[in-house]
Amino acid sequence: MELRELRKKSMALPLTPGVYLMKNKKNEIIYVGKAKKLKNRVSSYFGSQKNHTAKVRKMVENVNDFDYILTDSEFEALVLECSLIKQHSPKYNILLKDDKGYSYIKVTKGDWPQISAVLQKDNDDAQYIGPYTSSFSVRNSVDEARKIFMLPSCGKSFPKEIGKTRPCLNYFIKQCMAPCSGKVRQEDYYEAVTEALRFLQGDSTEIVKDLKQKMNDAAENLDFEKAAKLRDKIRSIEKTSERQKIVGTDNRPKDFFAISQTEEKSCLCILRFETGRLRDSKYYILPFFENLAQARSELISRFYSDGAKIPSQILLDGETEDAQLLEEWLSQTAGKKVEIIVPQKGKSAQTVQMCKNNAAEKLAQSMGRTGGVTAALDELSKLLGLKKPPVFIESYDISHTMGSDNVAGMVVFKNGQPYKKSYRRFSIKGFSGQDDYGSMAEVISRRLNEYEINKDSGEGFGILPDLILLDGGKGQVNAVMPIIDAFGYDIPVFGMVKDSSHRTRAIATNGGEIAINSKRQAFTLVSTIQEEVHRYSVSYHRTKHKKSSLGSTLTEIDGVGEKKSKALLKKFRTVTAVKNASVDELCEAEGINKVIAEKIYNHFHKTD
């Protein structure tokens, strides 16, 4: 079915809530969506494609037909959408795929049960606790429980192998009670397994309370050896719990969601807490999202549709679309009240930021970057209101000495790192004297002219920046914005404002300033860029000023002007070399004849 026919069909839909199913030529469902007003939502796909993301355009290209289901409310549409996505796993819906699969804690039956981490259930009579979405977390937890409660990890079968072998090294380093030795009572072993399971299921507070009571009872009965063993066990549990605990979180189950983005990819991080302890962490590398609020809504519904345990609170790093509908659906599904919160301050906000930093780190690893740089670019883009984190940042600084030897330096940062092959130097040509605004306008004009010439190359000047940072305030910004507008380009431009100690303190716009000090990662990045562009421009200015000073010594000679002075320095490099040159050697410089050469020679060799 052609796009025109699809639009005609969509315009006949009712303005009521419902779910729509996009299908390809094989009649396969490739996308499922919900709408408050079906006609408006579905028809938007088949109109102008200019405002669609690349993902939506690709999906529309593959749509041959669509179906729809009317519902009585938008909430019912959300519930049905989640169900259909889970049932059909459409290609163009956001799929949170996890290669690790689910994991379980396995507890064997019998008087001597053993605990292990497994990836799937077997057809046996063992008890399985789970599923858990992180196999790494399950393995670590089981290993810690075995060490704390001194349970075997060797895989021996009890009571079959009791008394048949000598204890292994774990017994001697006090990480196993060694039931294989035949010296462990069955009831003591069973009690240790029971306590380990309570620990694995998050009951460490009550376990510590019970163990302290047993320790005190043992001490009162003068059984100091038993009391010491219980004390060591308590310390191990408290040490493990402290290592896993995030300071300030309460005991309610909470999930934290945060998204970090680059120019082409996103990473969703989910941190899951129970009883104040981090129980699981999940990471998903996903495409770039144009609409983060819509993405959060889809990600949350998809995650919990797959059977993940729903906590009392879900905390996000930004607003989400359909928040009330999601809360209603989650509460109904979980059988309890569920809140979606965007914390603004306090420990919860700090934990959300930690979640976001982890997402940035994982995303950076997937792209061969560092997490700090990715987080800084993400933070900077939000601070400046950019559509996405900048890939290419160009920065400019003007340097001169009292209006003489005016130069500018241009440095480029690609993905938050110096990209020195694209650094450029400019000698101001349009005027003499001191005019920082005029100098900056000239440099930007020349730079954009170079783009017009080199844009087909895709390198150096042939790449337009995603962001321009000028060393200076709103005056510099106001000076260059008309230039950029005249070329017809949409490039964000901001100034980098220094304090009295020449340290970055704010970002300047054409209408004021944006405080940046509180945004640690963005502040560090901008400060680094400002220091680098200043270093580069000053270095060029000193080189030019030195040559200018040397040249002025030569221009004192009768018949030697600025042009001949430059030719001599180009040939001999230094004034000392010119002084030591013979007449014939001086004639080798461009534009220097024998008469001028003799004047130069006599100037440096005149006698009193």
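Mind listing whichever residues of the range 505-519 are surrounded by fewer than 22 Cβ atoms within 10 Å (Cβ to Cβ) and without any contact (Cβ under 8 Å) to a residue 60 or more places away in the chain?
If the condition is that a residue be surrounded by fewer than 22 Cβ atoms within 10 Å (Cβ to Cβ) and without any contact (Cβ under 8 Å) to a residue 60 or more places away in the chain, then R505, A506, T509, N510, G511, G512, E513, A515, N517, S518 are the ones that fit.
Would you mind finding the one in L96, L119 that is modelled with pLDDT under 75, out of contact with any His (no Cβ under 8 Å at 6 or more places or on another chain) and surrounded by fewer than 20 Cβ atoms within 10 Å (Cβ to Cβ)? Write out each step before concluding.
Details: L119 fails: modelled with pLDDT under 75.
Going through L96, L119 in turn, just one is modelled with pLDDT under 75, out of contact with any His (no Cβ under 8 Å at 6 or more places or on another chain) and surrounded by fewer than 20 Cβ atoms within 10 Å (Cβ to Cβ): L96.
Being out of contact with any Phe, Trp or Tyr (no Cβ under 8 Å at 6 or more places or on another chain) and without any contact (Cβ under 8 Å) to a residue 60 or more places away in the chain is the filter here; which residues of the range 17-27 pass it?
Matches in the range 17-27: N24, K25, K26, N27.
Please identify the pairs in which a residue from the range 196-224 that is within 25 Å of I129 (Cβ to Cβ) has its Cβ atom under 8 Å from the Cβ atom of a residue that is aromatic (F, W, Y) and at pLDDT 80 or above, counting only partners at least 6 apart or on another chain.
Qualifying pairs under 8 Å: A196/F149; F199/F149.
Determine which single condition N123 fails, assuming it passes every other condition in (1) within 44 Å of the chain's Cα centre (by Cα); (2) not in a loop (DSSP other than H, G, I, E, B).
Among (1) within 44 Å of the chain's Cα centre (by Cα); (2) not in a loop (DSSP other than H, G, I, E, B), the lone unmet condition for N123 is (2).
Does any residue of the range 543-556 turn out to be of a type outside the set (G, A, S) and either within 30 Å of L377 (Cβ to Cβ) or at pLDDT 80 or above (or both)?
Let us first name the residues in the range 543-556 that are of a type outside the set (G, A, S), namely 543-547, 550, 553-556.
With either within 30 Å of L377 (Cβ to Cβ) or at pLDDT 80 or above (or both) added as a condition, the list becomes none.
Among the residues of the range 543-556, not one is of a type outside the set (G, A, S) and either within 30 Å of L377 (Cβ to Cβ) or at pLDDT 80 or above (or both), which makes the answer no.
I need the full set of residues from the range 1-31 which are of a type outside the set (S, T, Y) and closer than 18 Å to D72 by Cα, in order please. Can you show your working first?
Residues of the range 1-31 that are of a type outside the set (S, T, Y), as a first pass: 1-9, 11-15, 17-19, 21-30.
L13, P14, L15, P17, G18, V19, L21, listed by residue number.
Considering each residue of the range 233-259, count those that are at pLDDT below 75 and either over 34 Å from the mean Cα position of the chain (by Cα) or part of a helix (DSSP H, G or I) (or both), and give that number.
Count: 9.
Being in contact with a Gly (Cβ under 9 Å, 6 or more places away or on another chain) and either in the same structural domain as Y304 (by TED's automatic domain parsing) or free of Cβ contacts under 8 Å to residues at least 60 places away in the same chain (or both) narrows it down to one residue among L13, L38; which is it?
L38
Could you please tell me which pairs satisfy a Cβ distance under 8 Å, a separation of 6+ or placement on different chains, a first residue in the range 165-191 that is free of Cβ contacts under 8 Å to residues at least 12 places away in the same chain, and a second residue that is assigned to a helix (DSSP H, G or I)?
Correct list of pairs: Y171/S181.
Kindly indicate whether any position in the range 343-353 is surrounded by fewer than 20 Cβ atoms within 10 Å (Cβ to Cβ), more than 21 Å from F273 (Cβ to Cβ) and in contact (Cβ under 8 Å) with a residue 12 or more places away in the chain.
no
Among helices (runs of 4 or more DSSP H) lying entirely in the range 1-112, which contain 2 or more residues that are touching a Ser or Thr at 6+ places or on another chain (Cβ under 8 Å) and within 23 Å of F289 (Cβ to Cβ)?
Once the helices (runs of 4 or more DSSP H) in the range 1-112 are filtered for at least 2 residues that are touching a Ser or Thr at 6+ places or on another chain (Cβ under 8 Å) and within 23 Å of F289 (Cβ to Cβ), what remains is 38-45, 74-88.
Pick from the range 470-504 the residues that are in contact (Cβ under 8 Å) with a residue 60 or more places away in the chain and in a strand (DSSP E or B): which of them is nearest to N517 (Cα to Cα)?
In this case the residue turns out to be M496.
Yes/no matrix, rows are residues, columns are (1) of a type in the set (G, A, S); (2) crowded, with 18+ Cβ neighbours inside 10 Å; (3) over 17 Å from K91 (Cβ atoms):
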| position | (1), (2), (3) |
| --- | --- |
| R7 | no, no, yes |
| L15 | no, no, yes |
| Y20 | no, yes, no |
| Y31 | no, yes, no |
| N40 | no, no, yes |
| G47 | yes, no, yes |
| K50 | no, no, yes |
| R57 | no, no, no |
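Can you pull out the residues in the range 408-464 that are part of a helix (DSSP H, G or I), charged (D, E, K, R) and out of contact with any Gly (no Cβ under 6 Å at 6 or more places or on another chain)?
Here is the first cut: in the range 408-464, the residues part of a helix (DSSP H, G or I) are 420-422, 436-454, 460-462.
If we keep only those that are charged (D, E, K, R) too, we end up with 420-421, 436, 442, 446-447, 450, 452.
Selection gives K420, K421, D436, R446, R447, E450, E452.
I'd like the residue in the range 521-534 that is in contact (Cβ under 8 Å) with a residue 60 or more places away in the chain and of a type outside the set (S, T, N, Q) and, out of all such residues, is surrounded by the most Cβ atoms within 10 Å (Cβ to Cβ).
Here the residue is V533.
Can you go through L299, L292, L363, L271 and tell me which one is within 18 Å of the chain's Cα centre (by Cα), under 20 Å from Y92 (Cβ atoms) and touching a residue at least 60 places away in the same chain (Cβ under 8 Å)?
After ruling out the rest, the residue left standing is L299.
The values are calculated or read from the model by the stated rules, or taken from the named source; none is laboratory data. Keep in mind that this is a model prediction, so the values were computed, not measured. Neighbour counts run over all protein chains shown; Cβ positions are idealised from the backbone, glycine included.
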